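Here it is: the structure, laid out below.
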Amino acid sequence: MKIRAAIVGATGIAGQQVLAALDNHPDFEIAALAASERSAGKSFASAITDEQSGIRRWYVAGTEPPAAAMQLMVQEAKSIRLDGIGVVFAAVESDAARELEPIYAAQAPTISTARPHRMEPDIPLLIPGVNLDHIALVKEQRRRRGWKGYIATLPNCTATGLAITLKALDEKFGVDSALVTTMQGISGAGRDLAALDVVENIIPYIPREEERVTIETRKILGRLGEGGIAELPLKVSATCTRASVLNGHTEAATVGLKRPASIEEVIAAFENFGRDFSAMGLPNAPRRMITVHRDPMRPQPRLDRDAENGMTTSVGRIRADEVIPNGIKYLLVTHNAAMGAGRGAVLLAEYLKRAGYLA
Ligand SMILES: NC(=O)c1ccc[n+]([C@@H]2O[C@H](COP(=O)([O-])OP(=O)(O)OC[C@H]3O[C@@H](n4cnc5c(N)ncnc54)[C@H](OP(=O)(O)O)[C@@H]3O)[C@@H](O)[C@H]2O)c1
């Protein structure tokens with residue numbers, strides 16, 4: 001029998017990626033939708049349609065909204081009914097997430113794309129294919145909090161692509177430091193960004209982003225031990241900017257390895273990373289966690305963000321760095337709202353079902 005899923009924040013950019021990934025899913029059924037009081041009481045179809053212009057605000061490139069969602073009534077996130085719901089996908093802005101997710105988790109496993117609970121010691125911060133062993137934290141979380149469900153979080157979308165590539169390098173050579181400069185797509189800021197500001201421009205500052213990339217990357221790459229996660233003592237320096245790109249974050253990374261590695265060894269580490277995870281055959285898993293480009297004109301967000309439904313991290317321009325000891329540098333492109341949020345949340349749920357954490 002399929003697990004009944006509730007999607008909170010279903011009208012937003014991350015929530016719509018959840019819906020697209022759940023369309024005709026073999027294991028999950030779209031059973032309930034919720035959003036803010038602005039959308040509550042409307043059908044999903046009318047909640048995403050601008051009343052004046054009639055324009056439908058559906059943001060997942062190359063897809064249509066799932067038929068199963070269109071006529072469902074959007075409930076208010078505060079009062080959504082969760083009887084019979086086996087998993088909640090929560091994709092709402094931070095203040096709402098802080099308040100609502102514990103209420104949901106008391107009743108059902110809750111997978112969150114939002115920031116507030118990510119760094120709590122008993123809450124796992126997970127990237128499918130990277131650190132799924134950290135899910136074991138939820139046993140202690142449930143015991144301490146007395147919840148029927150639990151909260152499992154996904155990282156900041158900028159940390160996701162970086163952490164995937166760093167994990168591939170850490171497994172083979174050890175990583176000591178990472179310097180990253182980002183050029184981030186505007187959809188990473190949700191629907192409310194004043195998009196006109198970014199046209200023909202680079203916005204030099206994204207509030208809180210650099211700090212999130214630093215602290216979240218250390219937790220993701222940390223080791224699960226008896227007392228929780230021992231963070232990786234990685235030196236991270238991030239500069240995050242917003243660029244005139246709709247979807248997809250581009251990141252220029254320079255990484256100091258613990259052991260020297262040739263460029264061919266680095267390419268092999270990227271190409272072989274996550275093969276066991278991909279081989280599990282989960283419906284939304286990419287065939288390759290990392291796609292390596294040898295053409296120096298790749299990766300580009302327009303060409304590469306939608307590769308494998310936005311679930312692979314595209315890497316190119318891999319070369320030696322002469323400044324940092326054992327330094328290598330590369331560019332990556334990651335789809336912020338797919339692997340970095342909604343579709344990544346569904347992939348996590350697919351794994352959790354397989355591993356016995358959802359019933
Ligand atoms: N966009 C990305 O690429 C991305 C990547 C990683 C993580 N995230 C995180 O995912 C979450 C959602 O981001 P988003 O980009 O999808 O934002 P978004 O496009 O602005 O959508 C926000 C969603 O939350 C709902 N909402 C807003 N205020 C609410 C409230 N007070 N109570 C209940 N629901 C409320 C909205 O409902 P209405 O339609 O009714 O307003 C909408 O469904 C955020 O925490 C964000 O940081 C986003």
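The values are calculated or read from the model by the stated rules, or taken from the named source; none is laboratory data. Since the structure is predicted, the reported quantities are computational estimates derived from the model, not experimental observations. Glycine also receives a Cβ, built like all others from the backbone with ideal geometry; neighbour counts cover every protein chain displayed.
Table: residues versus (1) in contact with a helix residue (DSSP H, G or I) (Cβ under 9 Å, 6 or more places away or on another chain); (2) hydrophobic (A, V, I, L, M, F, W, C).
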residue: Pro233; (1), (2): yes, no
residue: His249; (1), (2): yes, no
residue: Ala253; (1), (2): yes, yes
residue: Lys258; (1), (2): yes, no
residue: Ile263; (1), (2): no, yes
residue: Asp276; (1), (2): no, no
residue: Pro283; (1), (2): yes, no
residue: Pro286; (1), (2): yes, no
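Here is a further query. Residues to consider are Glu251, Glu322; find the one that is among the charged types (D, E, K, R) and either at positive phi or surrounded by fewer than 22 Cβ atoms within 10 Å (Cβ to Cβ) (or both).
After applying the criteria, what remains is Glu322.
Hey, another quick one. Given Ala77, Ala67, which one is more than 11 Å from Ala34 (Cα to Cα) and not β-branched (Val, Ile, Thr)?
Of the residues listed, the single one that is more than 11 Å from Ala34 (Cα to Cα) and not β-branched (Val, Ile, Thr) is Ala67.
Taking Leu22 and the conditions (1) surrounded by fewer than 19 Cβ atoms within 10 Å (Cβ to Cβ); (2) under 22 Å from the mean Cα position of the chain (by Cα), which numbered condition does it fall short on, given that it satisfies the others?
Looking at each condition in turn, Leu22 falls short on (1).
Given the conditions (1) buried (at least 24 other Cβ atoms within 10 Å of the Cβ); (2) assigned to a helix (DSSP H, G or I), report the number of the one that Ala96 does not fulfil.
Here Ala96 meets the rest and fails (1).
Among the residues of the stretch 191-230, which ones are among the acidic types (Asp, Glu) and either free of Cβ contacts under 8 Å to residues at least 60 places away in the same chain or surrounded by fewer than 19 Cβ atoms within 10 Å (Cβ to Cβ) (or both)?
Hits for the stretch 191-230 are Asp192, Asp197, Glu200, Glu209, Glu210, Glu211, Glu226.
From Pro299, Pro233, grab the single residue that is surrounded by fewer than 21 Cβ atoms within 10 Å (Cβ to Cβ) and either modelled with pLDDT of 95 or more or not hydroxyl-bearing (Ser, Thr, Tyr) (or both).
Just a single option satisfies the conditions, and that option is Pro233.
Here is a follow-up. Of all residues in the stretch 59-71, how many are in contact with a strand residue (DSSP E or B) (Cβ under 9 Å, 6 or more places away or on another chain) and within 16 Å of the ligand (Cβ to nearest atom)?
4
Across the stretch 38-56, what is the number of residues that are part of a loop (DSSP other than H, G, I, E, B) and either in contact (Cβ under 8 Å) with a residue 60 or more places away in the chain or within 7 Å of the ligand (Cβ to nearest atom) (or both)?
2
Still on this structure, I have one more. Does Lys78 count as out of contact with any strand residue (DSSP E or B) (no Cβ under 9 Å at 6 or more places or on another chain) and either buried (at least 21 other Cβ atoms within 10 Å of the Cβ) or not aromatic (Phe, Trp, Tyr) (or both)?
Against the criterion (out of contact with any strand residue (DSSP E or B) (no Cβ under 9 Å at 6 or more places or on another chain) and either buried (at least 21 other Cβ atoms within 10 Å of the Cβ) or not aromatic (Phe, Trp, Tyr) (or both)), Lys78 does not qualify.
Kindly indicate which of Ala243, Ala279, Ala269 is hydrophobic (A, V, I, L, M, F, W, C), within 16 Å of the ligand (Cβ to nearest atom) and assigned by TED's automatic domain parsing to the domain that holds Ala168.
Selected residue: Ala243, the only one of Ala243, Ala279, Ala269 that is hydrophobic (A, V, I, L, M, F, W, C), within 16 Å of the ligand (Cβ to nearest atom) and assigned by TED's automatic domain parsing to the domain that holds Ala168.
From (1) more than 19 Å from the chain's Cα centre (by Cα); (2) part of a helix (DSSP H, G or I); (3) at pLDDT below 95, pick out the condition that doesn't hold for Glu171.
(3)
Search the stretch 213-255 for residues being part of a loop (DSSP other than H, G, I, E, B) and of a type in the set (A, V, I, L, M), and hand back the single one that is nearest to Thr160 (Cα to Cα).
Leu221
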